[in-house]
Every structure is written in structure tokens, then in C-alpha cells.
Amino acid sequence: MNRITLLLSAALLGLSAAAAGAHDYKLGSLEIEHPYARATPPNAPVSGGYMTIRNTGAEADRLVAGEAPFAERMEIHEMAMDGDVMKMRQLADGLEIPAGGEVVLKPGGYHVMFIGIDSQLKDGEIRKATITFEKAGTIELEFQVEDIKAMQGQMDHGKMDHGKMKHGG
């Protein structure tokens, strides 16, 4: 490779690394990767929010609250199988992020719920929200809105019986 090609390659690698890190956040010992929200059909009342939260510290922390200007409220939820029924429930005490560990918020598992959204969330949009941790404090995040089809690889909807899904504790 000649010198110009090497310089261009290095510059492109640097730009792609910066773009990849542009959607990640750090708050104390917490690292928050790729917050994203599910795109919604018109007039949908709710959407889910997802991310990975890594705790590099020696002490556990807890995701305890959230607020979004585009939603009446934001709650921390868990989806889990109860026998053959998929149930979703709010985690009133928040979600622990273990010391030296990580928690993945994803479709079909832990997630944040945007409830009473004021408008359709469209693929490609950015929606701002804040999340609060018990120890680390509050941080504003930009949630990239993604189409459900792009998210399908992360959750096998074919194995879920949506008719048996219940909301509540």
C-alpha cells in the first residue's frame, strides 16, 4: 500500500469507530450502549426502549426511573414466561446492574416502556429520554428509532403466543 492509501484507510477506520461510539454513553462506572426504541404504527399508545448497560465498577447500581418528553410516563419492565404464558410486569424496585456485569434490555426481556406516547415513532428518528440510576445519577440518552423488522433477529416472535400475553404483575 502506498502512503496515501494507508492514510485514507486509517482515516476511514477512525471515522467508523467514532460513528460506532457516537451512540454510546458513560455515567460514572456505567456504560450504556446503543439505546433504541421500537418504531410504532400510527396511534400506538406504547413503545419499548432497549440498550445494554455495563457496570465496570465494584458496586452494583440500579436503574430506578426514566422520563421521556414524548411519553406520559416511562417504566422499567420485564417480560418472562410464566408456564406457557408470556407476562410483562413493571419492576417497581428498578433493575439491578451488577458490579462487573451487564444487563441487556432487549425485546422479550428487560426493557423500558414509553407509555402514552404523543406521536408515532418512525424508523430513523431520534427520541430523547433520561434515565436515572440509584447511585450514578441521571443521564440524557438519544434513542434511535428502529423498525420492528430490523429488530426481528433479536427476538423470535414466531415462538410467542401473543394471545396469551398478559400485562401486569
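Residue-wise test of (1) among the β-branched types (Val, Ile, Thr); (2) touching a Phe, Trp or Tyr at 6+ places or on another chain (Cβ under 9 Å); (3) loosely packed, with under 15 Cβ neighbours inside 10 Å.
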| position | (1), (2), (3) |
| --- | --- |
| Glu78 | no, yes, no |
| Gly83 | no, no, yes |
| Lys106 | no, yes, no |
| Ser119 | no, yes, yes |
| Ile139 | yes, yes, no |
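Are any residues in region 135-151 β-branched (Val, Ile, Thr) and in a strand (DSSP E or B), and if so, which ones?
Residues satisfying the conditions are Thr138, Ile139, Val145.
Sort out which residues of region 83-93 are farther than 26 Å from Ser29 by Cβ and without any contact (Cβ under 8 Å) to a residue 40 or more places away in the chain, and write them in order of number.
The answer is Gly83, and nothing else.
Of the residues that sit in region 54-94 and are part of a loop (DSSP other than H, G, I, E, B) and among the small types (Gly, Ala, Ser), which one is farthest from Lys128 (Cα to Cα)?
Taking region 54-94 as the starting set, the residues that turn out to be part of a loop (DSSP other than H, G, I, E, B) are 56-60, 68-70, 83-84, 91-94.
Cutting the leftovers down to among the small types (Gly, Ala, Ser) gives us 57-58, 60, 68, 83, 92, 94.
On the way: Gly57: 26, Ala58: 29, Ala60: 26, Ala68: 7, Gly83: 36, Ala92: 23, Gly94: 20 Å.
Ranking the candidates gives Gly83 first.
Only strands (runs of 3 or more DSSP E) wholly contained in region 95-134 count here; list those with 1 or more residues that are farther than 17 Å from Leu63 by Cβ and of a type outside the set (Gly, Ala, Ser).
Per the criteria, 111-117, 126-133.
State whether the residues of region 81-96 include one that is among the small types (Gly, Ala, Ser) and under 23 Å from Glu140 (Cβ atoms).
Checked against the condition, which is being among the small types (Gly, Ala, Ser) and under 23 Å from Glu140 (Cβ atoms), region 81-96 yields at least one hit.
Just for region 14-40: of the residues that are modelled with pLDDT of 95 or more and not in a strand (DSSP E or B), which one is nearest to Asp118 (Cα to Cα)?
Thr40
Suppose the filter is in contact with a strand residue (DSSP E or B) (Cβ under 6 Å, 6 or more places away or on another chain), modelled with pLDDT of 95 or more and at negative phi; does Glu59 pass it?
No.
Just checking, how many residues over region 57-77 are in contact with a Lys or Arg (Cβ under 6 Å, 6 or more places away or on another chain) and farther than 20 Å from Leu27 by Cα? Can you show your working first?
Filtering region 57-77 for residues in contact with a Lys or Arg (Cβ under 6 Å, 6 or more places away or on another chain) gives 61, 70.
Still in the running and farther than 20 Å from Leu27 by Cα: 70.
Number satisfying all stated conditions: 1.
Out of all the residues in region 27-52, which are under 14 Å from Thr130 (Cα atoms) and either out of contact with any His (no Cβ under 9 Å at 6 or more places or on another chain) or of a type in the set (A, V, I, L, M, F, W, C) (or both)?
Scanning region 27-52 gives Leu27, Ile32, Ala37, Met51.
The values are calculated or read from the model by the stated rules, or taken from the named source; none is laboratory data. Treat the numbers as computed from the prediction; the structure is a model and nothing was measured. For neighbour counting, all protein chains shown are included, and Cβ atoms are generated from backbone atoms with ideal geometry for every residue, glycine included.
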